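The values are calculated or read from the model by the stated rules, or taken from the named source; none is laboratory data. Everything numeric here is computed off the predicted structure, so don't read it as measured data. Positions of Cβ are generated from backbone atoms using ideal geometry, with glycine treated the same way; all protein chains shown enter the neighbour counts. All accessible areas refer to the heavy atoms of the entire protein, side chains included, with ligands and DNA or RNA removed. Shrake-Rupley method; radii C 1.70, N 1.55, O 1.52, S 1.80 Å.
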Amino acid sequence: MSEFQFVEKEIQQIDELLAENYIFKSIHENLEGAFVTFINPENNEERLLHIRMADTRKYFSARLYEQLNGLNLNRIYTK
């Protein structure tokens, strides 16, 4: 699998969780990547993703910024 495909897969996993109303709960980073815990506030179900690629970490940082500030950055970037 190419690096691009790996990043694409990780981004897809993040987007799927966010589409299912999960929100970021915690992020732990180390030399292996980032371990991102999501929680669904409706049923308190938690999901853990291991994000290995730097480009994906940049992506989830932007999505976290959105969550914390109540923004929709996709709307801004598509103009």
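From the set of residues in the stretch 3-46 that are of a type in the set (Phe, Trp, Tyr) and over 13 Å from the mean Cα position of the chain (by Cα), which is surrounded by the most Cβ atoms within 10 Å (Cβ to Cβ)? Spell out the reasoning first.
Let us first name the residues in the stretch 3-46 that are of a type in the set (Phe, Trp, Tyr), namely 4, 6, 22, 24, 35, 38.
Remaining after also requiring over 13 Å from the mean Cα position of the chain (by Cα): 4, 6.
Numbers: PHE4: 10, PHE6: 14.
Looking at the filtered set, the residue picked out is PHE6.
If you check every pair at least six apart or on different chains, which have Cβ atoms under 8 Å apart with a residue in the stretch 25-53 that is at positive phi first and a residue that is in a strand (DSSP E or B) and open to solvent by 30 Å² or more (accessible area, probe 1.4 Å) second?
Here the result reads GLY33/HIS50, each pair linking the stretch 25-53 to a residue that is in a strand (DSSP E or B) and open to solvent by 30 Å² or more (accessible area, probe 1.4 Å).
Of all strands (runs of 3 or more DSSP E) completely enclosed by the stretch 1-51, which ones contain at least 2 residues that are closer than 19 Å to LEU68 by Cα and in contact with a helix residue (DSSP H, G or I) (Cβ under 9 Å, 6 or more places away or on another chain)? I'd like the intermediate steps shown before the answer.
On the way: elements: 23-30, 33-40, 45-51.
So the answer is 23-30, 33-40.
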